[in-house]
Amino acid sequence: MIFSRPLLGAAFLSVAAIAPPAIAQQSSTQLDGFAALANEFVFKSLAFSPSAATQTGLHRYTDPRSKQVLALDEMLDDYSPAGMAAQRAYCVDFRRRLGMLKVGRLDPQTRADYDILQNAVGSAFFSMDGEQFYKWKPQTYSENLGSALFANISLEYADKNTRAKDLSARLEKIPVFVDQAIGNLTASNDIFRRVGIESIDGVRDLLKTTGADFVKATPSEARYSAAEPAALASLDKFTAFVRDDLPRKPQRDWRMGSANFAQKFKYYLQVSGTPQDLLHSAEDSLRVTRATMLKLALPLHAQWFPGHHHATGDHDAYLNAVVGEVMQRIGTEHSNRDSLVQQGMKDVAELEKMVVDKRILSLADFSNLRVIPTPPFMRGIYGVAGAVFAPALEPNLATFYWVTPIPSEWTAERAESKMREYNKYQMLRLTVHEAMPGHAVQGAYANRVTPEWRRLLRSIYSNTPYVEGWAVYSERVMEDAGANGGDPVKMRLNGLKWMARIYMNAIIDVRLHTMNMNGDSAVALMMQDAFQERPEAEAKLQRAQLDYVQLMTYMAGVHEWNALRRDVQAREGNRFNMCRYHDTVLSYGPVSVPTVRRLYMAGVRPTVNPVPSRC
């Protein structure tokens, strides 16, 4: 998972990898041809977003033309008209230079890198010209700002005094940042305004508590204290603008429509087919999954609810009733509402041991993984958990598995509903997905790609279906290996429920944004056909309203991964070795899964610092 999205959106920040030891910025004179072009793009695009640069591990940048040295950790992103014009001009020029390359002369690995650059530039233009979220999504600014400040605090890229100085410098720049945001926002809608205000409240809390505590007893404490009142006043100004002024400006539906959906689908997923193809596949897969759940649930229902018969005239109603009652009963097996983070720590430790003992893959060192509570200003997006990787340029810093606590103000009934949804089986599966051997392990392999320019390019512009698809694929791998919470049937039912949710994610994403499905209908469908609790369904609706296409990545990715493994096993037969297969496909780094298929089937070996094989 990432801290924020800069102005150019995912095109200019898709950090989902761990890197080898920190390196200095490379000059183009050290490289040649395509490598120089790719290297330039990585560093220049990061320099456009200081928030992203800090998170990625780029702290100083020397502009090759002006020779100006930018102390990126002290800067905030530039959303001014001049700043945005500079980004556009660079993209125009880079696309021109990229088009001059003789693509037919590139080797298969470099052709994959060329495709990444083409997609990144195309996505950047779509973000600037199509989405234009900086004009109507207040959350763009609050999340970007919160991410920049939190990076100074949480990432140990320098000693505490230096980071406190950087944090104070950024604090001083908040009033200008807020003025840029207010100047840019010319439209909105109710959901964007509400979440924008909630997330700016999180930034305000970050400044007053975590930030103020961080600078105590450092040389920057007085500087921070002096800048804090103006910064807080500007945040209040932003809140008042979003609350009082934006509603009087033009209103834009959060639904993005078929044309925008298809464009983002192309750039963001890079998979075969169309949104409608994936929708139909999701609907078919959901029907099969529900039928399988009924078959597994019937014996448990007879055991737990003897004599409790449901009318069978309406098959869907019968299925929902039987499976729903069984899942409700399984849901009572959960942690205490105040021990989610501790449960996450315990599950990570057990899964690490299983990965090593079962030889799921060769990697066996997971010492940089940390389990912590999700930062408050990010809890609107990460309602349950998420993975946030060490900076691509500074891998020795921690990779985080964020676990979101139950809010203390929630009623017991609401908290219990949430805990039923994330019972011990589902939390174990989520930990597989986010941490072990899902995102965290995938990122560790991506860290070993060589040469360095290729590793950075593939890490920073990672393909999301590759990343999310691997995490979903790994859930079933670990379940088959014995990660079942002590009961394989209950774990399988929860796994099927999880897959039903993934299929439902794709269904509601397409229907909400391209078929005018209303929110109440989406919540009802999630609760009835995917057996989700209301708080979870309502949170998913909000997520779908705030973003689009992203919810489809899980299904798109796992289908690609499953199909690739089936085809490789069919071709290799008795020679197939799961451990060796995992080592190989992960060692290409997070390119699109169709690219992995092309490279693997052609026998193109990854260029990596290999993990000592345990296969």
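Packing here is the average count of other Cβ atoms within 10 Å per residue, and on that basis the peptides 556-568, 71-83, highest first, run 556-568, 71-83. Per residue, the convex hull around the alpha carbon atoms of the chain comes to 156 Å³. If you average the C-alpha positions of the stretch 549-615 and of the stretch 51-99 separately, how far apart do those two centres end up, in angstrom? Cα centroid of the stretch 549-615 versus Cα centroid of the stretch 51-99: 34 Å apart. Taking 0.36 nm per residue of separation and subtracting the current Cα-Cα distance, fully stretching the chain between S258 and R598 would add 119.4 nm. I'd like the FRET efficiency for A71 and A36, computed as 1/(1 + (r/R0)^6) with the beta carbon distance as r and R0 of 30 Å, rounded to 0.05. The formula returns an efficiency of 0.75 here.
Measuring between alpha carbons in the structure, the pairs from K67/K208; K44/K208; K173/K216; K137/K160; K44/K540 lying more than 28 angstrom apart are K67/K208; K44/K208; K137/K160; K44/K540. The distance linking the stretch 220-285 with the stretch 447-526 is 21 Å (Cα centroid to Cα centroid, whole angstrom).
Annotation: peptides 397-408, 145-156, ranked by per-residue average of other Cβ atoms within 10 Å with the highest first, follow the order 145-156, 397-408. Computed 3J(HN,Hα) for the stretch 510-527, one whole-Hz value per residue from the Karplus formula 6.51 cos²θ - 1.76 cosθ + 1.60 where θ = phi - 60°, is 5, 5, 5, 8, 10, 10, 6, 4, 8, x, 4, 5, 5, 4, 4, 5, 5, 6, glycine and proline marked x. Once you reduce the stretch 356-377 and the stretch 132-193 to the center of their Cα atoms, the two points are 29 Å from each other. Looking at the stretch 40-89, the trypsin sites (Lys or Arg not before Pro) that sit in a DSSP loop and have at most 14 other Cβ atoms within 10 Å of their own Cβ are R65, K67.
Of all DSSP bridge pairs formed entirely within the chain, close to 55 percent run antiparallel.
How much FRET efficiency would the formula 1/(1 + (r/R0)^6) give for H315 and D129, where r is the Cβ-Cβ distance and R0 is 45 Å, rounded to 0.05? So, using R0 = 45 Å, E works out to roughly 0.40.
Placing a pseudo-label 7 Å from each Cα along the Cα-to-Cβ vector at A86 and N609 gives an inter-label distance of 3.3 nm. Taking label points 7 Å from Cα along the Cα-to-Cβ direction, D567 and V288 give a separation of 1.7 nm. Annotation: cysteines of the chain without a disulfide-compatible partner (Cβ-Cβ under 4.7 angstrom) are C91.
Under 5 Å between amide hydrogens, built in the peptide plane, is the criterion, and for L369 it picks out T399 among residues at least 5 positions away or on other chains.
Sorting W453, W498 from the fewest to the most surrounding beta carbons within 10 angstrom yields W498, W453.
By other beta-carbon atoms within 10 Å, ranking L512, L70 with the fewest at the front produces L70, L512. The calculated 222 nm mean residue ellipticity attributable to helices in the chain amounts to -19000 deg cm²/dmol, summing -39500 (n - 2.57) over DSSP H runs of n ≥ 4 and dividing by all residues. Protection proxy ranking, highest mean first, for peptides 583-589, 370-376: 583-589, 370-376, where packing is the per-residue count of other beta-carbon atoms within 10 Å, averaged. Work through the residues other than L551 whose Cβ is under 13 Å from its Cβ and net out their charges, Lys, Arg +1 and Asp, Glu -1. Summing Lys/Arg as +1 and Asp/Glu as -1 gives +2.
Note on the stretch 494-615: semi-axes of the ellipsoid equivalent to its C-alpha gyration tensor, largest first and rounded to whole Å, are 37, 15, 13. K44 to I372: FRET efficiency via 1/(1 + (r/R0)^6), r the Cβ-Cβ distance, R0 30 Å, to the nearest 0.05? For K44 and I372, the calculated efficiency is 0.40. Taking the inverse of the mean 1/r over every pair of distinct Cα atoms in the stretch 279-331 gives a Kirkwood hydrodynamic radius of 11.7 Å. Taken over the Cα atoms of the stretch 73-123, the convex hull encloses 101 Å³ per residue.
Quick note: the coordinates plus some simple rules give every number you see, no bench work behind them. All values reported here derive from a predicted model rather than from experimental measurement. Positions of Cβ are backbone-derived with ideal geometry, glycine not excepted, and every protein chain shown enters the neighbour counts.
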